[in-house]
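Everything on this sheet refers to the single structure shown next.
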Amino acid sequence: KIFQIFLVLFGITAILIALLHVIFGPSAIPGSVPVNPTMDSEDRFYATLFAAYGAVLIWCVRDIERKTKVVYFLALTFFVGGLARIVSIFAVGPPNDFFVAMTVLELIIPIYMAFAQSRIARAAVAS
């Protein structure tokens, strides 16, 4: 139950962040600077994908025992996003402190997700 609550909260958070980006564009990003129309468009476009990510997190809650592959895929996707931030740090330098903290969370949260889902999947097989 705790993991399902976590997924709902995580999903809602992702959707709300995405909505901020769709509505306000890159100015929703802490430490951002004005960008050209191409970057604005790109940010708003990718925000819709993050909203979809949040919706899928919430979708996983019902019958979570049967959605192990999806949860693992979502965890891996988020983890790879954290790795992409590390690539950015090496390529152009560290971002705003907020995003340094986000990088840590993006590398830790997926580990928790995979661990929690594996316990749920094992319990479902055992019963």
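The values are calculated or read from the model by the stated rules, or taken from the named source; none is laboratory data. Note that the structure is a prediction, hence the values are computed from the model and not measured. Counting neighbours? That spans all protein chains shown, and the Cβs are built from the backbone with ideal geometry, glycine included. The protein model used for the area step is the full one, side chains on, heavy atoms only, and it has no ligands, DNA or RNA in it. Shrake-Rupley method; radii C 1.70, N 1.55, O 1.52, S 1.80 Å.
Of all accessible surface on the chain at a 1.4 Å probe, what whole percent is carbon and sulfur? Carbon-and-sulfur percentage of accessible area, whole number: 74.
Just name one of TRP59, ILE23, MET102: the one whose Cα is farthest towards the positive end of the charge dipole of the stretch 1-103 (beta-carbon charges, Lys/Arg +1, Asp/Glu -1). Value: TRP59. Tilt of helix 2-24 relative to the longest C-alpha principal axis of the chain, in degrees (0 to 90, nearest 10)? The two axes meet at around 20 degrees.
VAL33 sits with roughly 100 Å² accessible to a 1.4 Å probe, with DNA, RNA and ligands left out of the calculation.
Accessible area ranking (1.4 Å probe, heavy atoms, ligands and nucleic acids excluded), largest first, for MET113, MET39, MET102: MET39, MET102, MET113. Magnitude of the charge dipole for the stretch 18-127, about its Cα centre and with charges confined to Cβ atoms of Lys, Arg (+1) and Asp, Glu (-1), is about 540 debye.
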